[in-house]
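**Q** Dropping the structure in here first, questions after.
The values are calculated or read from the model by the stated rules, or taken from the named source; none is laboratory data. Every value quoted in this text rests on a predicted model; they were computed, and no experiment measured them. Note that we place each Cβ from the backbone using ideal geometry, even for glycine, and neighbour counts take in every protein chain shown.
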Amino acid sequence: MKRSIILFLITCFGYFVQAEEKQPPVLFPTPAVCVPTQGVFDLSAGVKATFKGTAARKMEKEVTGYLGQYASSDKSRKNTVAFLFDLSLGLPDEAYTMQVTPTGITVSASTASGLFYGKETLFQLACYGKGKIPACRIEDHPRLKWRGLMLDESRHFFGKEKVFQLLDQMAQLKLNVFHWHLTDEPGWRIEIKQYPKLTGIGAEGNWSDSHAAPTFYTQDEIREVVRYAADRHIMVVPEIDMPGHAIAACKAYPEVSGGGEGRWAGFTYHPCKDETYTFLSNILDEVAALFPSPYIHIGGDEVHYGNQSWYTDPQIQAFIKEHDLKNEVGLEHYFLRRMADTVQAKGKILIGWDEMVDAGISPDKAVVMWWRHDKPEQLEKALAQGYRVILTPRRPFYFDFVQHESHKIGRRWNGFNPIEQVCHFPDTLQTLLAGKEKQIMGLQMSVWTERIADGKRLDFMIFPRIAGVAEAAWTPLEVKSPEKLMKKLPFYLEYLDASGIYYFDPFQPERHAEPWGPSKADVLQNG
Ligand code: ACM
């Protein structure tokens, strides 16, 4: 072999070994493809940014402002950053590509959401590299379409500023659905113009204090949150829980109450009165007008907790016979079928908790949210019947579960929910999901707030586990690695420190104390 060819081969080999050794840049969630290349793009030299296409031009101010903070005072503006919104590239929804060389960065996408995620990636690269972005080629797209966070504001109310903060953090991690649990036993939190007592009476109290002053979102505030979320490519899906978990509504409008006594008084709506269906339909009209999302969540969970009076109410017993519903469970399913029709008539698709699987609703009208990790048969049935499914099993996706052995407040159920297990999901279900992957719309962390009474504790329960959710929902199985996530997690913790967000430190559990909430005794008693 000629000497020049041998030299060429040695050079190539050396290059590959070097490339092998290069570490990919730190990003949350890990992109689908990220190939490190040679050199570093230094933002301190100043950049000249260009924006092509409508979606790109909309970002101009934000991008130049963000990158500008890394420029030194003698910026020569010789390096370029180009944002390209180009349909002809044919990149799918939410996908983007990024090329970083020492002298230029190009972010390309064919959808506004793709370009948005490209921008978020660029901002993270700048932040974690402290202005020095390692050269690389990224081709990125999500593993799953629904990457959600559910917040329960009935048990405790946090208010719009906290929601804005959460939406910012979600967007950064490429989470795209905010499921808003707005009604439940302790309080009704959404203004409904036709039924002012829902917030006049129903919004009073919370899980810690049944006499707390009313707290709720006005319709203007709801619109503000929906807009803020849409600007970050986040869809807001409201949940109006029914026929159970309705105590706050039934306190305000006893005429639609399903009866019951003591602890369970008004836990359900009355399932046999036309008045109830009219009341709920009118509420859903206002809800449908407020939320552009194609989905409305109507709960449908845990009716048996508080429907004792269904067994004795003569009107209900007569209704069951008249409609040949067999029993109280048949009545519950009748209610859900009727609501699925009501929601469909408003041009929306119903989402329900996994109790809904047994109700006989056509799978084109509804999406199932699987939550009972101890009932995998509900997930199997949902998939067998052809439903689309969102996975939010209590283990490991309920974030009211503790995240460390030492924690005193919060749920445990044969274990708890550390970030590594969050990241590992749903691959623990591979056998069950085999052949049905297309029906899985996505994943969702659900933050129930019985034992989360303030923003500091809310942050502690969410961060940094939320980064595990992003990894589970976005990063392809072949690339995802809980071990690698834990290796780079200190960067995210440093970011949380700089942002003033309280969090649990899995590397030094005692570093940030577990916040108790307003009443330690109350929380422990019910913990
Ligand atoms: C639920 O946790 N009851 C859906």
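**Q** Checking the structure you have, find out if any residue of the range 345-359 is buried (at least 24 other Cβ atoms within 10 Å of the Cβ) and aromatic (Phe, Trp, Tyr).
**A** Checking the range 345-359: not a single residue is buried (at least 24 other Cβ atoms within 10 Å of the Cβ) and aromatic (Phe, Trp, Tyr).
**Q** So, one more: Give me a count of the residues in the range 296-307 that are of a type outside the set (S, T, N, Q) and in a loop (DSSP other than H, G, I, E, B). Please lay out each step first, then the result.
**A** First pass over the range 296-307, keeping only residues of a type outside the set (S, T, N, Q): 296-306.
If we keep only those that are in a loop (DSSP other than H, G, I, E, B) as well, we get 300-302, 306.
The number of residues fulfilling the criteria is 4.
**Q** Condition test on Ser293, is it away from the ligand (no atom under 16 Å from the Cβ), touching a residue at least 12 places away in the same chain (Cβ under 8 Å) and in a loop (DSSP other than H, G, I, E, B)?
**A** Numbers: away from the ligand (no atom under 16 Å from the Cβ): yes; touching a residue at least 12 places away in the same chain (Cβ under 8 Å): yes; in a loop (DSSP other than H, G, I, E, B): yes.
In short, yes.
**Q** Another one. From the list Gly306, Gly299, pick out the single residue that is within 16 Å of the ligand (Cβ to nearest atom) and either at positive phi or among the acidic types (Asp, Glu) (or both).
**A** Numbers: Gly306 fails: either at positive phi or among the acidic types (Asp, Glu) (or both).
Step by step, each of Gly306, Gly299 is checked, and only Gly299 is within 16 Å of the ligand (Cβ to nearest atom) and either at positive phi or among the acidic types (Asp, Glu) (or both).
**Q** Can you name the residue in the range 367-393 that is touching a residue at least 24 places away in the same chain (Cβ under 8 Å) and part of a helix (DSSP H, G or I) and, of all such residues, is surrounded by the fewest Cβ atoms within 10 Å (Cβ to Cβ)?
**A** Only one residue tops the list, namely Pro376.
**Q** Residue check, Trp474 against (1) under 14 Å from the mean Cα position of the chain (by Cα); (2) closer than 22 Å to Glu161 by Cβ, all met but one. Which one?
**A** (2)
**Q** Testing Ser281 on (1) in contact with a Lys or Arg (Cβ under 9 Å, 6 or more places away or on another chain); (2) touching a residue at least 24 places away in the same chain (Cβ under 8 Å); (3) buried (at least 21 other Cβ atoms within 10 Å of the Cβ); (4) within 16 Å of Thr183 (Cα to Cα), one condition comes back false. Which one is that?
**A** Unmet for Ser281, out of (1) in contact with a Lys or Arg (Cβ under 9 Å, 6 or more places away or on another chain); (2) touching a residue at least 24 places away in the same chain (Cβ under 8 Å); (3) buried (at least 21 other Cβ atoms within 10 Å of the Cβ); (4) within 16 Å of Thr183 (Cα to Cα): (3).
**Q** Sticking with this structure for a sec: What about Leu198, is it hydrophobic (A, V, I, L, M, F, W, C) and either out of contact with any Ser or Thr (no Cβ under 9 Å at 6 or more places or on another chain) or modelled with pLDDT under 95 (or both)? Working first, answer last.
**A** Values: hydrophobic (A, V, I, L, M, F, W, C): yes; either out of contact with any Ser or Thr (no Cβ under 9 Å at 6 or more places or on another chain) or modelled with pLDDT under 95 (or both): no.
Taking the combined requirement at face value, the residue does not satisfy it.
**Q** If you don't mind, another one. What number of residues within the range 155-178 are without any contact (Cβ under 8 Å) to a residue 24 or more places away in the chain and in contact with a strand residue (DSSP E or B) (Cβ under 9 Å, 6 or more places away or on another chain)?
**A** 0
**Q** Among the strands (runs of 3 or more DSSP E) lying completely within the range 24-116, list those that include at least 3 residues that are surrounded by fewer than 21 Cβ atoms within 10 Å (Cβ to Cβ). Before you say what the answer is, go through the steps one by one.
**A** Details: elements: 33-42, 47-52, 79-85, 96-100, 104-109.
Per the criteria, 33-42, 47-52, 79-85.
**Q** Still on this model: Starting from the range 440-455, take each residue that is more than 16 Å from Gly410 (Cβ to Cβ) and without any contact (Cβ under 8 Å) to a residue 60 or more places away in the chain and list its partners that are within 12 Å of the ligand (Cβ to nearest atom) and not in a strand (DSSP E or B), counting only C-beta distances under 6 angstrom and pairs at least six apart or across chains.
**A** none
**Q** Every residue in the range 456-473 that is under 18 Å from Phe401 (Cβ atoms) and free of Cβ contacts under 8 Å to residues at least 60 places away in the same chain, please.
**A** Selection gives Asp459, Phe460, Pro464, Gly468, Ala472.
**Q** For the range 336-349, does any single residue satisfy the condition of being touching a residue at least 60 places away in the same chain (Cβ under 8 Å) and assigned to a loop (DSSP other than H, G, I, E, B)?
**A** Yes, the range 336-349 contains at least one residue that is touching a residue at least 60 places away in the same chain (Cβ under 8 Å) and assigned to a loop (DSSP other than H, G, I, E, B).
**Q** Pick from Thr276, Thr312: which is farther than 25 Å from Leu182 by Cβ and away from the ligand (no atom under 16 Å from the Cβ)?
**A** Details: Thr276 fails: farther than 25 Å from Leu182 by Cβ.
On inspection, the qualifying residue turns out to be Thr312.
**Q** Do you know which residues across the range 42-54 are over 27 Å from Leu87 (Cβ atoms) and in contact with a strand residue (DSSP E or B) (Cβ under 6 Å, 6 or more places away or on another chain)?
**A** Result: Asp42, Ala45.
**Q** State which residue pairs qualify: first residue closer than 14 Å to Thr54 by Cβ and touching a residue at least 12 places away in the same chain (Cβ under 8 Å) and inside the range 107-121, second residue in a strand (DSSP E or B) and β-branched (Val, Ile, Thr) in any location, beta carbons under 8 Å apart, and separation of 6 or more residues or different chains.
**A** Listed pairs, sorted by first residue: Ala109/Thr97; Leu115/Val107.
**Q** In addition: Would you confirm whether any residue within the range 358-366 is acidic (Asp, Glu), under 17 Å from Tyr277 (Cα atoms) and touching a residue at least 24 places away in the same chain (Cβ under 8 Å)? Don't jump to the end; show me each part of the working.
**A** Within the range 358-366, the subset acidic (Asp, Glu) is 358, 364.
Narrowing the set further to residues that are under 17 Å from Tyr277 (Cα atoms) leaves none.
So far as the range 358-366 goes, no, none of its residues is acidic (Asp, Glu), under 17 Å from Tyr277 (Cα atoms) and touching a residue at least 24 places away in the same chain (Cβ under 8 Å).
**Q** Looking only at the range 406-449, filter to residues that are in a loop (DSSP other than H, G, I, E, B) and crowded, with 20+ Cβ neighbours inside 10 Å; which one of those is nearest to the ligand (Cβ to nearest atom)? Break it down stepwise before answering.
**A** So in the range 406-449, the residues in a loop (DSSP other than H, G, I, E, B) come out as 406-410, 412-418, 425-426, 434-436, 448-449.
Now drop any that are not crowded, with 20+ Cβ neighbours inside 10 Å, which leaves 409-410, 417-418, 425-426, 448-449.
Values: Ile409: 18, Gly410: 14, Asn417: 14, Pro418: 20, Phe425: 17, Pro426: 18, Trp448: 6, Thr449: 12 Å.
Filtering first and then ranking leaves Trp448.
**Q** Looking only at the range 234-252, decide whether some residue is among the acidic types (Asp, Glu), touching a helix residue (DSSP H, G or I) at 6+ places or on another chain (Cβ under 6 Å) and within 16 Å of the ligand (Cβ to nearest atom). Spell out the reasoning first.
**A** Taking the range 234-252 and keeping what is among the acidic types (Asp, Glu), we get 239, 241.
If we keep only those that are touching a helix residue (DSSP H, G or I) at 6+ places or on another chain (Cβ under 6 Å) too, we end up with none.
The answer is no, given that none of the residues of the range 234-252 is among the acidic types (Asp, Glu), touching a helix residue (DSSP H, G or I) at 6+ places or on another chain (Cβ under 6 Å) and within 16 Å of the ligand (Cβ to nearest atom).
**Q** Can you tell me which residue in the range 395-405 is nearest to Leu144 (Cα to Cα), limited to those that are without any contact (Cβ under 8 Å) to a residue 40 or more places away in the chain and within 16 Å of the ligand (Cβ to nearest atom)?
**A** Pro396
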